[in-house]
Amino acid sequence: MSTFLSSNAELIITLVKIVLLLFIVLTVNAYLTWFERKVVAHIQSRWGPHRVGPHGLLQPLADGVKFLFKEDPTPAGVDKFVFYLAPLLALALAMTSIAIIPFGPDPIHVFGHDVYLGIAPPDLNIGILALFAITALGVYGIALAGWSSNSKYPLLGGLRSSAQMISYELALTMSVVGVLLLAGSFNLRDIINAQAHHPELGILGWNVWPQILGFICFFIAAIAETNRAPFDLPEAESELVAGFHTEYASFKFAMFFIAEYTSMITVSCLCSIMFFGGWLSPFPASWTFTHYVPSVILISFGLWVIWDGIRYETVFGKIILPAAGIAITALGAVFILFPDVNAFIQAPFWLLSKIFIFLFVYVWMRGTLPRFRYDQLMAFGWKLLLPVSIVNVVLTSFAILAKMQWGAK
Amino acid sequence: MTAPLAVFFVLAGLAVIGAINLILQKHPIHSALSLIVVMVALAGLYLLMGAEFVAAVQIIVYGGAIMVLFVLVIMLLNAGIEEHTSISKLAGVPGLLLVAALAGFITATIARSTDVVQAAQQTGDMSSNKGISNMLFRDFVYPFELTSFLILVAIMGAVVLAQREKS
């Protein structure tokens with residue numbers, strides 16, 4: 001048994017990591033729906049979910065149970081195989097893309113093995129290319145769902161989404177080239193490390209400053225790629241009922257839903273890694289006192305949760321919220337008490353904070369901006385985003401060339 | 001059997017089954033899906049040989065861009081189920097002969113494969129992005145640019161053909 005364990009250690013570690021990441025991503029997805037409903041509700045002066053559990057925190061659980069036990073009818077005349085394949089494809093590809101993301105620079109030592117945060121090996125040369133390869137296949141889930149439903153609204157939604165994703169993929173890929181030129185590598189870890197050349201600069205050393213054009217193009221194109229508002233034309237409810245997933249019910253619909261939220265997370269990861277320094281701290285490296293920022297945030301948030309829970313009306317809330325608050329506060333205290341742990345969690349903490357901020361921006365945009373018209377969408381993608389991203393590539397190339405020619409050695 | 005060899009047989013089997021299924025399926029969408037399976041299986045084979053860049057580009061270009069256009073066109077035209085006609089004798093006899101000849105040629109090539117494989121490996125460093133860039137944009141830059149010119153000619157031809165006649 002022990003020889004089996006030691007000879008297949010890499011395989012077992014990877015399997016455990018996959019299961020863990022799946023669990024984490026699915027939980028985050030569930031609470032992302034809660035977060036989105038809450039934030040959009042507050043933008044629109046409503047309360048959002050607040051009946052199921054304290055602050056509606058158990059709403060995702062209730063939704064999950066509902067999805068599982070709803071009737072799952074298959075409409076007449078659908079192409080059965082493709083109809084079942086489409087949601088599977090969408091979900092599987094969205095989940096695979098998150099496996100490429102590295103979540104921290106340093107490995108943890110478990111039984112003499114270096115375990116890196118993130119599933120892909122740290123020396124994956126084609127990191128960003130592999131991601132684009134997976135997202136390029138993501139179109140099929142939506143296009144095939146629209147086609148196989150044998151219904152006019154899904155077909156129109158599927159056609160729209162295919163056209164939209166093909167158009168915006170060009171701008172998406174071109175806008176990344178500047179970052180790749182600066183880093184000289186496709187590897188996501190190298191891209192982050194290339195932004196750490198001047199640790200005393202902190203936030204000013206990130207790619208977003210030299211690549212501001214690239215970042216704007218990338219973020220807009222990525223929102224269009226993930227079919228989110230204001231680019232959610234494939235499912236424009238005032239025109240197409242629910243677009244490509246009109247005929248899907250129950251868990252097959254949930255699979256599209258999870259796929260969409262997972263790709264939101266992937267895009268947020270990519271934005272923070274490529275343009276916002278990934279796991280680098282925004283503060284200059286010499287400010288060592290900023291290492292206590294995670295603890296301060298966690299402890300103050302934990303104390304707030306305890307205080308909020310104690311004055312909560314329901315018995316359940318009175319128990320659950322303070323317990324969660326105590327756990328969060330204890331976590332913050334652990335980081336202060338053990339400097340080794342604190343040093344290790346700095347990188348994942350900053351990466352996760354940046355991902356969270358981008359997720360918030362996603363929801364914020366959905367709550368604020370009206371939907372594009374279809375011809376506006378196409379004109380915007382082809383006539384503005386693509387030329388601007390190409391100009392960005394040319395400018396970056398010339399800047400790098402000039403630096404090589406005349407810059408300091 | 002070692003693990004890479006097992007993966008090779010799985011991917012190769014997928015590619016062959018996908019290719020056969022492509023011909024046997026009656027609906028254009030199903031055929032297009034089989035072709036996607038072939039493309040992705042080929043990308044897996046490239047990955048197995050250590051050509052990471054080629055594998056990723058194979059999926060992005062063929063699996064992502066070209067096949068999406070195929071599927072989009074099939075959906076737009078709303079192509080229905082095809083009728084399979086019986087195979088013509090003229091196509092059948094020379095076709096079978098050609099298949100036999102091709103299979104024989106490939107087998108013969110593989111049979112004396114060691115030097116072929118070595119020759120393929122000596123053409124350049126295909127595993128690193130730097131090696132590929134050096135080959136494409138330095139060693140073989142003229143053939144590369146000529147090929148892109150060829151594709152441009154094909155695009156122009158398509159535009160000319162698709163142009164409506166002036167009334």
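The values are calculated or read from the model by the stated rules, or taken from the named source; none is laboratory data. Everything numeric in this text was worked out from a predicted model, so none of it was measured. Cβ atoms come from the backbone with ideal geometry, glycine included; neighbour counts cover every protein chain shown.
Numerical summary
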| quantity | calculated |
| --- | --- |
| Criterion violated by A:Asp106 - all others in (1) under 21 Å from A:Thr262 (Cβ atoms); (2) assigned to a loop (DSSP other than H, G, I, E, B); (3) of a type outside the set (Val, Ile, Thr) satisfied | (1) |
| Residue match in the range A:185-199 (condition: among the small types (Gly, Ala, Ser), more than 30 Å from A:Thr74 (Cβ to Cβ), more than 14 Å from chain B (Cβ to nearest Cβ) and buried (at least 24 other Cβ atoms within 10 Å of the Cβ)) | no |
| Residue satisfying all of: in the range B:15-25; over 18 Å from A:Leu85 (Cα atoms) and under 13 Å from the mean Cα position of the chain (by Cα); surrounded by the fewest Cβ atoms within 10 Å (Cβ to Cβ) among these | B:Val16 |
| Qualifying residues in the range B:26-62 (those that are surrounded by fewer than 17 Cβ atoms within 10 Å (Cβ to Cβ) and part of a loop (DSSP other than H, G, I, E, B)) - the one nearest to the other protein chains (Cβ to nearest Cβ) | B:His27 |
| Sole residue being in a helix (DSSP H, G or I) and free of Cβ contacts under 8 Å to residues at least 24 places away in the same chain, chosen from A:Ala330, A:Ala324 | A:Ala324 |
| Output for the range A:352-409, where each listed residue is among the hydroxyl-bearing types (Ser, Thr, Tyr) and at pLDDT below 85 | A:Tyr374 |
| Any hit, the range A:131-154, residues being in a loop (DSSP other than H, G, I, E, B), surrounded by fewer than 24 Cβ atoms within 10 Å (Cβ to Cβ) and either touching a residue at least 40 places away in the same chain (Cβ under 8 Å) or out of contact with any helix residue (DSSP H, G or I) (no Cβ under 6 Å at 6 or more places or on another chain) (or both) | yes |
| Flag if A:Ser286 is farther than 30 Å from A:Phe132 by Cα and touching a residue at least 12 places away in the same chain (Cβ under 8 Å) | yes |
| Subset of the range A:66-80 (residues that are more than 30 Å from B:His27 (Cα to Cα) and more than 24 Å from the chain's Cα centre (by Cα)) | A:Lys66, A:Leu68, A:Phe69, A:Lys70 |
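Per-residue answers, yes or no, for (1) over 27 Å from A:Ile101 (Cα atoms); (2) surrounded by 23 or more Cβ atoms within 10 Å (Cβ to Cβ):
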site: A:Phe253; (1), (2): no, no
site: A:Gly278; (1), (2): no, yes
site: A:Tyr292; (1), (2): no, no
site: A:Ser295; (1), (2): no, no
site: A:Leu298; (1), (2): no, no
site: A:Phe301; (1), (2): yes, no
site: A:Arg311; (1), (2): yes, no
site: A:Val315; (1), (2): yes, no
site: A:Ala324; (1), (2): yes, no
